[in-house]
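Engineer: Attaching a single structure in structure tokens format; questions to follow.
The values are calculated or read from the model by the stated rules, or taken from the named source; none is laboratory data. All figures in this text were calculated on a predicted structure; none of them were measured in a lab. Counting neighbours? That spans all protein chains shown, and the Cβs are built from the backbone with ideal geometry, glycine included. Ligands, DNA and RNA are excluded from the accessible area calculation, which covers all protein heavy atoms including side chains. Shrake-Rupley method; radii C 1.70, N 1.55, O 1.52, S 1.80 Å.
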Amino acid sequence: MSLSISLTVNGDRCDVDLDDPRVTLLDLLRERMALPGTKKGCDRGQCGACTVLVNGRRINSCLTLAVTLNGAEVTTIEGLAAGEDLHPVQTAFIEHDGFQCGYCTPGQIMSAVGLIAEGQAGDDAERIREGMSGNLCRCSAYHGITEAVQDAARRMASADERKSA
Amino acid sequence: MTVAKPLPHDAARLHVTGGARYVDDLPTPPGTLHLAFGLSAKARAKVTLGLEAVRASAGVALVLGPGDLDPMPDCSPSAHDEPLLAMGEAFYAGHPLFLVAAESHLLARKAAAKAEIGYEELDAILTIEDAIAADSRFEDGPRVYEKGDVMAAISRAPHLVEGRVLVGGQEHFYLEGQSALAIPTEDGGMVVHSSSQHPTEIQHKVADALGRAMHDVKVEVRRMGGGFGGKESQGNHLAIACAVVAARTGRPVKMRYDRDDDFVVTGKRHDFRIDYRAGFDGEGRCLGVDFVQYCRCGWSMDLSLPVADRAMLHADNAYLLPAARITSHRLKTNTQSATAFRGFGGPQGMVGIERVMDHAAHVLGLDPLEVRRANYYREAPVAASEASGGSISGKMKGQPLPTADLAGRGSVKVETGSGKATRYGGAHSRVPATAENATPYGMEVTDFILHEMTETLARDCEFEARKAAVAEWNAANPVLKRGIALTPVKFGISFTLTHLNQAGALVHVYQDGSVSMNHGGTEMGQGLFQKVAQVAASRFGLPMERVRITATDTAKVPNTSATAASSGSDLNGMAVKAACDAIRDRIAEVVAAELQAEPAAIVFEDGQVRAGEASMSWEEAIAKTYMARVSLSATGFYATPGIEWDRIAGRGRPFYYFAYGAACSEVVIDTLTGENRILRTDILHDCGASLNPAIDIGQIEGGFVQGAGWLTTEELVWDGAGRLRTHAPSTYKIPACSDRPGVFNVALWDGANREETIYRSKAVGEPPLMLGISVWSALAQACAACGPNWPDLQTPATAEAVLAAVGRARG
Ligand code: FES
Ligand code: FES
């Protein structure tokens, strides 16, 4: 069986033929689109390493069947920066050293971008911790991660204010 | 000066843009085959394999059973007792039985599931009790380290403290699972990319498996997505399997474990049962202690002997024991082969003595911290010339916890202050080496600083006042009970296998003045590459951008030891320094005449090569050295001095020095459910003169959280048939972002190491893990607040375990 879908990945439109309807978005990205920045930690929706944005919302790409994404807009870690300019969350992760081994980092960053967009956490550390608790970090870089998200949220909020002012 | 700076991890930009490549991210060459193991479902059984359906499955290129490999490759790091595939008999549930190579990872797994496996079950030895009953063990009998007449000391003591503590295992759960990629090269050579802490061992084992010399195999490791000891030997199987299939088929071969397989196949932290008998006087001084450690090693030897040794070597932790006996049984069971895990047995040994301290305090009605202090080793005197002890950190002072709604998330809203920690410390001179201040294995403790560290931490975290507040709270509240505990860590630094304490490095300076650096250590997130690059940049007086860090490569630096035992920066930093200094000396010889100075007077700083007023740029000096036909490349080598150890007799100096730390944790438990939470943790940890405070603080926080996880939520459950039932993050709970203490302060004790380590720093990878013991001890205090009896809290202190302990306390 062959299924065709068409979706946008990091701004590029892609037409994809799927030979198996069970292919996950994660495998599609890693194995067929040469985008290995999104990581496979558990492949069963329990670690958050594979977090990407689909239509602006954060999801576990290992639990999402590619076939359901016809017409969707997908953003991965590779598509977050605007050319050489890092996204504020990426900059904050460097400044606050929000990682050790880095394996969870792409998922953490995409999750943080999603969380900030949800507008729920503000810069409340406690709520950020809750909101990020689906992204495991075995190195426990949680302190830097929380600070990075807090800082990025603040910076993005004030940039927005400046824009709307 | 580029050392002692809080620089971020290397490759930071790559990490945040998804550009950092791990083994599974490397582009696979066309034609790559993918592997999967077929696993035993039974803990112990004679096995017959029906593999026709596997061979016929779609996309399968090759299937190898035990009969297809002669000789059978061995994967063991020690005793040659781990054939790649089980040979007729499976020894644990998860034991690899056969190997499938297919066109994709998924096709290989699908094919493996089609095997018809016949099992004739045999009696399995699963638990410590089973193994004791069957006398199933490694080595002929137990190892015993002894100091003084322990039986006499205990029988004369006015108070006897006796009990048992079960210490749980721990799954590494490195976020990047095990993986390897083997690529055949011309003339029978093999290049292996492996997620391994020990490239030289991969090289050695792959060469053996292929029947080739080591120079035919090149192993490369750029980075790992976490290791924690789980990639010291457990990657051997994948690398060997890939290389064997690559050699047979001539095709590149890749293997990675699915997460469940990773849990089920690979070894974990050893679980222990520790029985103790100790004699105390009325003031809380220990007169003698007798430990019997039962260590569950699993089906093969792996690294169990040195792990069990290190547990014995840390049975004293920070305490001067006048008489002690430590008996260690290394038990062989039909379970995963337990392996290295951050601390390498040390944490288990330490839990034993910390339990004894808490138990003695309970029996004697004394304050547990006072009992601990009364038993500390003697303090190294403060050097008169240098002040010791810093100012009190503002961040650690005056953070009263809210008194309402302690169980609710979000109740504690205080900015935590780590990351910009205050430093303490100062120089200490050596305690005269005396037999009286010696460990149970006869090593004199000459650098002990825990008296002062404990004092500082207790003062800054307001221990006494908070202890009183906890008691008040507990008197007033019947349901939620709080507990607070301050526990110390003294951790020995060096490989206990003395010959492993060596390292090599290779440094090139190119004509344009850029520097390329390579050493035997591997990067797994601990920040080793950055720290060592800081050393190189500092030796040459260059900014960090001028130094390129390259992947660990057995073709560049040979015969390396595993990146383990916290030794990475100590060993590789010194080796890189040696290489840089050799190049510096040659440059100095060349430019000395022009700068009108003795070569010895030339300094390298701020991109300049200088002698007094005269100077030239680094680039100019490099050009001159090159034109003078002088080599700008050097190797460096380092071997740790002064260590000597007889592991059979249990005598000598196994460690170059000790690293110290102390943590105070406050917890709350719900006595109706056993649910519990860490409210606040304060840490003061000794990194010597820190090479990179940001990285060190990250290691301390990460180690503490991992240690607290081990002792609280991380429970491994095997069923009666020996199958691991907790084989995914859904059932095995590691700490998440929200599990970190609500208030978390980390400060560095920044006194220089008295031993001549790299820039007088201290190793930091493993010691902080044991700071997590403070959480377990605080939980025990909270349980003890529920009733008059000894709660006998076991590990891991899950909600169930806490609830049971509350019940015991109430009687
Ligand atoms: S890989 Fe998707 S959640 Fe773990
Ligand atoms: S940085 Fe290693 S898992 Fe998060």
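Engineer: Residues of B:7-13, mean number of Cβ from any other protein chain within 10 Å of their own Cβ, rounded to a whole number? Intermediate results must be reported in sequence, preceding the final value.
Structural biologist: Values: counts 1, 8, 8, 1, 2, 9, 5.
Mean inter-chain Cβ contacts per residue within 10 Å come to 5.
Engineer: Rounded, prolate or oblate for chain B? Axes are the square roots of the Cα gyration tensor eigenvalues, ordered a ≥ b ≥ c, and the cut-off for rounded is a/c under 1.5.
Structural biologist: Numbers: a/c = 1.72, a/b = 1.08, b/c = 1.59.
Here chain B falls in the oblate category.
Engineer: Moving on to the next point. When Lys and Arg each count +1 and Asp and Glu each count -1, what net charge do the other residues less than 15 Å away from B:LEU724, Cβ to Cβ, add up to?
Structural biologist: Details: positive: B:LYS42, B:ARG44, B:ARG259, B:LYS268, B:ARG269, B:ARG296, B:ARG723, B:ARG725, B:LYS733; negative: B:GLU171, B:ASP258, B:ASP260, B:ASP261, B:ASP262, B:ASP271, B:GLU714, B:GLU715, B:ASP719.
Cβ neighbours under 15 Å give a net charge of 0.
Engineer: Report the B-A buried area as the accessible area lost on both sides summed, probe 1.4 Å, in Å² to the nearest 100.
Structural biologist: Values: alone 28820 and 8860 Å², together 33360 Å².
Accessible area lost upon association: around 4300 Å².
Engineer: Please list B:GLU201, B:GLU462 from largest to smallest accessible area, probe radius 1.4 Å, with all protein chains kept in place. Write down the numbers at each step before the final one.
Structural biologist: Values: B:GLU201 25, B:GLU462 70 Å².
So the residues, ranked largest to smallest area, are B:GLU462, B:GLU201.
Engineer: Ignore the peptide's own chain and count Cβ atoms of other chains within 10 Å of each Cβ in A:42-49; give me the average, rounded. Each step should come with its number before you reach the end.
Structural biologist: Values: counts 11, 5, 6, 3, 6, 8, 4, 3.
Mean partner-chain Cβ count within 10 Å for A:42-49: 6.
Engineer: If I ignore ligands, DNA and RNA and count only protein heavy atoms, how much of B:SER494 is accessible to a 1.4 Å probe, in Å² to the nearest 10?
Structural biologist: 10 Å²
Engineer: Starting with the highest mean, order B:252-262, A:99-109 by the number of other Cβ atoms within 10 Å, averaged over the residues of each peptide.
Structural biologist: On the way: B:252-262: 22.1, A:99-109: 29.8.
Put in order of decreasing packing, that is A:99-109, B:252-262.
Engineer: Further question on the same structure: What are the DSSP H helices in chain B that stretch 24 Å or more along their long axis, judged by alpha-carbon atoms, and whose average Kyte-Doolittle hydropathy comes to at least -1.0? Let's see the in-between values first.
Structural biologist: Numbers: long enough: B:346-364 (27 Å, 0.22); B:568-595 (39 Å, 0.38); B:693-711 (27 Å, 0.49).
Span-like helices in chain B: B:346-364, B:568-595, B:693-711.
Engineer: Would you list B:SER631, B:SER777 from the most to the least accessible area, probe 1.4 Å? Let's see the in-between values first.
Structural biologist: On the way: B:SER631 60, B:SER777 0 Å².
If we order B:SER631, B:SER777 from most to least accessible, we get B:SER631, B:SER777.
Engineer: Taking +1 at the Cβ of each Lys and Arg and -1 at the Cβ of each Asp and Glu, which of B:MET574, B:ALA124, B:LEU364 sits farthest along the dipole of the protein assembly as shown towards its positive end, judged by Cα position relative to the Cα centre?
Structural biologist: Sorting the options by dipole projection puts first B:LEU364.
Engineer: How large is the charge dipole for segment B:639-739, taken about the Cα centre, if only the Cβ atoms of Lys, Arg (+1) and Asp, Glu (-1) carry charge, to the nearest 20 debye? Before the final figure, lay out each step's value.
Structural biologist: On the way: 8 positive and 13 negative charges, 70 e Å.
For segment B:639-739, the charge dipole is close to 340 debye.
Engineer: What ranking, highest mean first, results for peptides B:564-577, B:705-718 when packing means the other Cβ atoms within 10 Å averaged over each residue? Don't skip to the end; give the middle numbers.
Structural biologist: Numbers: B:564-577: 28.0, B:705-718: 24.2.
Descending packing order for the listed peptides: B:564-577, B:705-718.
Engineer: Moving on to the next point. I'd like the accessible area for A:HIS96, computed on protein heavy atoms only with a 1.4 Å probe and all protein chains in place. Round to 10 Å², please.
Structural biologist: Only protein atoms counted, so the area is about 50 Å².
Engineer: Under the classification rounded if a/c is under 1.5, otherwise prolate if a/b is larger than b/c and oblate if not, where does the protein assembly as shown fall, given a ≥ b ≥ c as square roots of the Cα gyration tensor eigenvalues?
Structural biologist: On the way: a/c = 1.26, a/b = 1.11, b/c = 1.13.
The shape class here is rounded.
Engineer: Rank-order B:177-183, B:728-734 by packing density, defined as the average count of other C-beta atoms within 10 Å over each peptide's residues, highest first. Provide the component values of the computation, followed by the final result.
Structural biologist: Details: B:177-183: 26.6, B:728-734: 18.1.
Most protected by this proxy first, the peptides run B:177-183, B:728-734.
Engineer: Relative contact order for segment A:1-116: what percent, with Cα pairs under 8 Å and sequence separation of 6 or more?
Structural biologist: Details: 209 pairs, mean separation 34.1, N = 116.
This gives 29 percent for segment A:1-116.
Engineer: Between B:ALA468 and B:MET544, take the C-beta separation as r, use R0 = 51 Å, and let me know the FRET efficiency to the nearest 0.05. Mind dumping the intermediate values first?
Structural biologist: Values: r = 49 Å, r/R0 = 0.96.
The pair B:ALA468/B:MET544 has a calculated efficiency of 0.55.
Engineer: Given Cα pairs under 8 Å that are at least 6 residues apart, what percent is the relative contact order of segment A:88-164?
Structural biologist: Details: 82 pairs, mean separation 34.9, N = 77.
The value is 45 percent.
Engineer: Using alpha carbon centroids, what distance separates segment A:34-81 and segment B:571-614, in Å?
Structural biologist: Answer, in whole Å: 51.
Engineer: Write down the percent of antiparallel bridges among all DSSP beta bridges whose residues are both part of chain B, to the nearest 5. Walk me through the numbers on the way to the answer.
Structural biologist: Numbers: 106 of 133 bridges.
Bridges in chain B are about 80 percent antiparallel.
Engineer: If you count, for every residue in B:698-706, the Cβ atoms of partner chains within 10 Å of its Cβ, what is the mean?
Structural biologist: Working: counts 9, 3, 0, 7, 10, 2, 1, 7, 3.
Per residue, the number of nearby Cβ atoms from other chains is 5 on average.
Engineer: Defining a contact as two alpha carbons under 8 Å apart and six or more residues distant in sequence, what relative contact order in percent does chain B show?
Structural biologist: On the way: 2047 pairs, mean separation 121.8, N = 811.
The value is 15 percent.
Engineer: Under the 0.36 nm per residue contour assumption, what length would be gained going from the current alpha-carbon distance of B:THR185 and B:THR731 to full extension? Each step should come with its number before you reach the end.
Structural biologist: Values: separation 546, 0.36 × 546 = 196.56 nm, distance 4.27 nm.
So the chain would gain 192.3 nm between B:THR185 and B:THR731.
Engineer: Further question: I'd like the accessible area for B:MET616, computed on protein heavy atoms only with a 1.4 Å probe and all protein chains in place. Round to 10 Å², please.
Structural biologist: Counting only protein heavy atoms, the figure is 10 Å².
Engineer: Could you give the angle, 0 to 90 degrees to the nearest 10, between helix A:142-164's Cα long axis and the longest principal axis of the Cα atoms of chain A?
Structural biologist: For helix A:142-164, the angle is close to 90 degrees.
Engineer: Quick one: ranking B:LYS332, A:LYS40 by accessible area, 1.4 Å probe, largest first, what do you get?
Structural biologist: On the way: B:LYS332 85, A:LYS40 25 Å².
Per-residue accessible area, sorted high to low, gives B:LYS332, A:LYS40.
Engineer: Now, a different point. For A:MET110, what is the net charge nearby, where nearby means another residue's Cβ is under 12 Å from its Cβ and Lys, Arg count +1, Asp, Glu -1? List each step's numbers first, then the result.
Structural biologist: On the way: positive: A:LYS39, A:ARG57, A:ARG58; negative: A:GLU78.
Computed value for this residue: +2.
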